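Report on one structure; see the data block that follows.
The values are calculated or read from the model by the stated rules, or taken from the named source; none is laboratory data. The model shown is predicted, which means the values in this text are computed figures rather than measured ones. When we count neighbours, we look across all protein chains shown, and the Cβ atoms used for this are built from the backbone with ideal geometry, even at glycine.
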Ligand SMILES: *Cc1c(COP(=O)(O)O)cnc(C)c1O
């Protein structure tokens, strides 16, 4: 038997001294200039993200959930509308749609765990206003097919790119396909703040202006309230931290891609492993395998000191808050939800740890 190790799923503490110093001085600069609310770092960060996503405008908001809600509202999604989204995502996706007053309609996923364009096509009705694909695990959805469906039916595309900052498909970045792209930079994401943060990107000036108003109680010129909204501003401190971390994002993604390669070699033929298609640049928010006897495998790995996660044990339409009257059709997702398991795969994991995790998986299946 292998010597037991403890392999953590996430390790958010900062152990690199140089990185820690740089973050502390970024924070110190903000504390010294004192422009804590929508300070210069927020605008600078927005400028950098717009450029990086190759979009005209970016608006910093308080979270990925806020980015989705404000992104949807900024293009006029509201009561009476239907928005087709995936059935497999973090619940924030469906909640954002429902919070606008619109109805989420849940499509099936393919074996890549991303929304299946064929399923989307079947769910379009007269009330459908938009498609909201989620680039799950940091893999860009099949945007060519989805864009085609949207164009055929006159629908908008709003991207949930919360897990996919800097992911691309044939050179085109996540967040640059739809009328609006929404990002989360919460502390667990690949590109992460030290707390909550989000971003809305778009090329449309009217949408940009509306998100600006929506993020601050629906106001223009500071005082005049033109529509109902709450406070969803991005914090200056988080913007300063993110600006600093933007320098590391390339290296972090490269490391995660390498880790995925290690797992791929070690687990090929043992379980269903995630694949990167030609032309794709996945950012590997999670390394998600599809495993028979998933719950037993999870318990076995835990007994061997390996932390894993299930993203997520419930499909969105099967969550208590949504299941009554949830619309859509998602048989493949219903099959896959019992198989998905995320292995520890951040940029901090070492080769020996990946080899250990893979050896434990092989041992479980008797390979
Ligand atoms: C993280 C996440 C969100 C929500 O982002 P928060 O910043 O946590 O509000 C939405 N959608 C997906 C797919 C996510 O992974």
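If the condition is being free of Cβ contacts under 8 Å to residues at least 40 places away in the same chain, part of a loop (DSSP other than H, G, I, E, B) and in contact with a strand residue (DSSP E or B) (Cβ under 9 Å, 6 or more places away or on another chain), then the range 86-111 contributes 100, 102. Taken across the range 264-281, residues that are in the same structural domain as residue 341 (by TED's automatic domain parsing), part of a helix (DSSP H, G or I) and touching a helix residue (DSSP H, G or I) at 6+ places or on another chain (Cβ under 7 Å) do occur, with at least one present. Within the range 178-206, the residues that satisfy the criterion of being more than 8 Å from the ligand (Cβ to nearest atom), buried (at least 22 other Cβ atoms within 10 Å of the Cβ) and under 28 Å from residue 129 (Cα atoms) are 178, 180, 181, 183, 199, 200, 201, 202. Of the residues screened, residue 141 is one that is in contact (Cβ under 8 Å) with a residue 24 or more places away in the chain, within 16 Å of the ligand (Cβ to nearest atom), crowded, with 18+ Cβ neighbours inside 10 Å and in a loop (DSSP other than H, G, I, E, B).
Of all the numbered requirements in (1) loosely packed, with under 15 Cβ neighbours inside 10 Å; (2) assigned to a loop (DSSP other than H, G, I, E, B), residue 285 misses one, and that requirement is (1). Flag: residue 272 does not match the condition of being surrounded by fewer than 18 Cβ atoms within 10 Å (Cβ to Cβ) and out of contact with any strand residue (DSSP E or B) (no Cβ under 7 Å at 6 or more places or on another chain). Residues that are touching a helix residue (DSSP H, G or I) at 6+ places or on another chain (Cβ under 7 Å) and free of Cβ contacts under 8 Å to residues at least 12 places away in the same chain within the range 181-219 comprise just one, 219.
Condition check ((1) crowded, with 17+ Cβ neighbours inside 10 Å; (2) within 16 Å of residue 68 (Cα to Cα); (3) modelled with pLDDT under 95; (4) within 14 Å of the ligand (Cβ to nearest atom)) across all residues:
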position: 116; (1), (2), (3), (4): yes, no, no, no
position: 150; (1), (2), (3), (4): yes, no, no, no
position: 157; (1), (2), (3), (4): yes, yes, no, no
position: 176; (1), (2), (3), (4): yes, yes, no, no
position: 224; (1), (2), (3), (4): no, no, no, no
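Considering the conditions (1) within 16 Å of the ligand (Cβ to nearest atom); (2) in a loop (DSSP other than H, G, I, E, B); (3) within 24 Å of residue 331 (Cα to Cα), residue 126 is excluded by exactly one of them, (1). From the list 88, 69, the lone residue that is within 11 Å of the ligand (Cβ to nearest atom) and over 23 Å from residue 213 (Cα atoms) is 88. Taking the numbered list (1) under 21 Å from residue 60 (Cβ atoms); (2) within 20 Å of the chain's Cα centre (by Cα) in turn, residue 282 passes all entries but (1). The combined condition, being outside any loop (DSSP other than H, G, I, E, B) and over 29 Å from residue 91 (Cβ atoms), is not fulfilled by residue 302.
Considering (1) modelled with pLDDT under 95; (2) farther than 20 Å from residue 2 by Cβ, the lone condition that residue 331 does not fulfil carries the number (1).
Selection over the range 313-367 of residues that are in a helix (DSSP H, G or I), surrounded by fewer than 18 Cβ atoms within 10 Å (Cβ to Cβ) and touching a helix residue (DSSP H, G or I) at 6+ places or on another chain (Cβ under 7 Å) gives a count of 2.
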